[in-house]
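In what follows, a single structure is set out as structure tokens and then discussed.
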Amino acid sequence: MRKQILIVGAGFSGMWAALSAARLADKHQNDTIDITVIAPQPELRVRPRFYENAVQTLVAPLQPLFDETGVNFLRGTVAQILPDSKEVSWADASGKTHLHRYDRLILASGSHVNRSLVTGADAHAFDLDQLESAAVLEQHLKDLANKEESDARNTVVVCGGGFTGIEMALELPGRLRDILGADAKTRVVVVERGPQPGARYSEELRNVIIEASAELGVEWLVNTEVESVDATGITLKDGQTIASQTVIWTVGVQANDLTGQIDAPRDRQGRLHVNAQLQVVGHDDIYATGDVAYAATDDKGNHALMTCQHAILLGKFAGNNAAADLLEVAPLPYRQENYVTCLDLGAWGAVYTEGWDQQVKLTRAEAKKLKLSIVSELIYPPKADRAVAFEIADPLAPFV
């Protein structure tokens, strides 16, 4: 019987897991392994760019690449993982349910924001978590020009001052000027429960964020939490209210709910604990990667973050190791010693840091140029060329 590697998800980690597994099977001239990806669509949605305009264009087709590299694609959604029988239950585009067996499963189903954390956020807040919701937010922002002018219309509240919240907030002053006109008195407010803007980052990086925010007129409310959201705006836990027709939710990121179907340790974000080979603890035939994996990047206590930077390399190692297990060759322990941050700061520019201590190396226009190169070139899929794709899919190939 042919061996089956089944990959759930076609995001950064799932795509690279498929290519890496196919690469290793090809390297060993083994044509008895089927590599299959199940996902809602055969495209990579470039999620790190969803704070930008024209969000519907921020996708890259995967079917030609999969065809060229011998990866099977099934359009659908996995509803249930059945570890005892080594199967998954999935529904196709028409809603029909199927079972697909696996010898090795790679869970790359990603993450989502949790808008149920406070009352009303589900119904009244926007997010840029998925392509569809980011498109709804983009259209809403454009439609503000057709609404009667008021403080609520001109005020945008961003809930959460993490990576996504910062990039969205500092993009907004320019976006709002384009939509409402240069003379409109707009207001962008970031609600952050930490003690200062960028509190989770290094002092050096934090100071850059504060400088850029001040120059662009982005306000920060720190040591502050949201109590509720409604059609008129937000209420904070201290009782203060902010009138706003646009509340954007960026906090509470959680691993996909499928992780809860596997009897294994998980962290507070729902990510599955994995060993150095990215096998789920207690399940040697299941690999977790990307945003569903709690994986050590080194021996210094650092763990992969929910970023495409980590997802890409995690995917390459997971695919390689799942195939290596079936081919009975040595796996490659996941390591990602280098860590960088490149944060878009809107019209101010950007900031680029190196190391887990986030030493600032570039700012403003220089960093912006690098940021554009990363998000418009480096993180995109390779062209549909078998040799090129396999070369890049090697987990040990240079990746900056």
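Can you run phi through the Karplus equation (6.51, -1.76, 1.60; θ = phi - 60°) for the range 28-36 and list ³J(HN,Hα) in whole Hz, with x for Gly and Pro?
9, 6, 9, 10, 9, 10, 9, 10, 10
For a distance above 17 Å, tell me the whole-number percent of Cα pairs in the range 286-400 that qualify. Don't jump to the answer; show the numbers that get you there.
Details: 4079 of 6555 pairs.
Tail fraction, whole percent: 62.
Quick one: work out Rg over Rh on the C-alpha atoms of the range 131-249, Rh as Kirkwood radius. Write down the numbers at each step before the final one.
Values: Rg = 14.0 Å, Rh = 14.6 Å.
Radius of gyration over Kirkwood radius for the range 131-249 works out to 0.96.
Å³ per residue of the Cα convex hull, for the range 62-148?
Numbers: hull volume 15.0 nm³, N = 87.
In the range 62-148, the Cα hull volume divided by residue count equals 172 Å³.
Over the chain, with a Gaussian network built from C-alpha contacts below 10 Å, which listed residue (Glu52, Glu132, Glu167) shows the highest mean-square fluctuation?
Glu132
Any idea of the accessible area per residue across the range 131-249, 1.4 Å probe, to the nearest Å²?
Numbers: 5330 Å² over 119 residues.
Using a 1.4 Å probe on heavy atoms only, each residue of the range 131-249 averages 45 Å².
For Leu378, Leu278, Leu74, give the ranking by accessible area with the largest first, probe 1.4 Å. Intermediate results must be reported in sequence, preceding the final value.
Numbers: Leu378 75, Leu278 0, Leu74 45 Å².
If we order Leu378, Leu278, Leu74 from most to least accessible, we get Leu378, Leu74, Leu278.
Roughly how many Å is it from the Cα centre of the range 5-23 to that of the range 102-141, as a whole number?
Measuring centre to centre over Cα atoms gives 22 Å.
When the Karplus curve 6.51 cos²θ - 1.76 cosθ + 1.60 is applied with θ = phi - 60°, which whole-Hz ³J(HN,Hα) does each residue of the range 121-137 get, with x for Gly and Pro?
3J(HN,Hα) across the range 121-137, in whole Hz: 5, 4, 8, 10, 9, 9, 8, 10, 7, 10, 4, 5, 6, 5, 5, 4, 4.
Reachable lysines from Lys96, Cα under 24 Å, same-chain residues fewer than 8 places away excluded?
Qualifying lysines at Cα under 24 Å: Lys86.
Determine the percent antiparallel among the DSSP beta bridges restricted to the range 131-249, to the nearest 5.
Bridges in the range 131-249 are about 35 percent antiparallel.
State the antiparallel share, in %, of DSSP beta bridges confined to the chain, rounding to the nearest 5.
On the way: 38 of 72 bridges.
Counting only bridges with both partners in the chain, antiparallel ones make up about 55 percent.
Taking amide H positions as placed in the peptide plane 1.01 Å from N, state which residues far from Lys361 in sequence (5 or more) or on other chains have amide H under 5 Å from it.
Excluding prolines and chain starts, which carry no amide H, the hits are Tyr352, Thr353, Glu354.
Under the Kirkwood approximation applied to all pairs of distinct alpha-carbon atoms, what is the hydrodynamic radius of the range 117-170 in Å?
Working: mean 1/r = 0.0804 Å⁻¹.
For the range 117-170, the Kirkwood estimate is 12.4 Å.
Once the range 205-348 is represented by equal point scatterers at the alpha-carbon sites, with solvent omitted, what log10 I(q)/I(0) does the Debye formula produce at q = 0.20 Å⁻¹?
Debye output, listed in q order: -1.15.
What are the extents of the Cα atoms of the range 1-59 along their three principal axes, in Å, largest first?
The Cα atoms of the range 1-59 stretch 47, 21, 13 Å along the principal axes, largest first.
Among Ile209, Gly349, Ser13, which residue has its Cα furthest toward the positive end of the charge dipole of the chain, with +1 on Lys/Arg Cβ and -1 on Asp/Glu Cβ?
Value: Ser13.
Starting with the highest mean, order 245-252, 337-344 by the number of other Cβ atoms within 10 Å, averaged over the residues of each peptide. Mind dumping the intermediate values first?
Details: 245-252: 22.9, 337-344: 18.6.
By packing density, highest mean first, the sequence is 245-252, 337-344.
List the pairs from Lys3/Lys383; Lys147/Lys185; Lys147/Lys237 whose alpha-carbon separation is above 20 Å, in the order I gave them. List each step's numbers first, then the result.
Details: Lys3/Lys383 27 Å; Lys147/Lys185 15 Å; Lys147/Lys237 29 Å.
Violating the 20 Å limit, Cα to Cα: Lys3/Lys383; Lys147/Lys237.
For the chain, evaluate the Debye formula with one uniform point scatterer on each Cα (no solvent term) and list log10 I(q)/I(0) at q = 0.10, 0.11, 0.12, 0.14 Å⁻¹, rounded to two decimals.
Taking Cα atoms of the chain as identical point scatterers yields -0.68, -0.82, -0.96, -1.24.
Please list 217-224, 19-26, 108-115 highest first by mean number of surrounding beta-carbon atoms within 10 Å per residue. Walk me through the numbers before you get to the answer.
Details: 217-224: 17.4, 19-26: 25.2, 108-115: 23.1.
With the highest mean Cβ count within 10 Å placed first, the list reads 19-26, 108-115, 217-224.
The values are calculated or read from the model by the stated rules, or taken from the named source; none is laboratory data. Everything numeric in this text was worked out from a predicted model, so none of it was measured. Heads up, the Cβs are rebuilt from the backbone with ideal geometry, glycines too, and the neighbour counts pull from every protein chain shown. Just the protein is used for accessible areas: all its heavy atoms, side chains included, with ligands, DNA and RNA removed. Shrake-Rupley method; radii C 1.70, N 1.55, O 1.52, S 1.80 Å.
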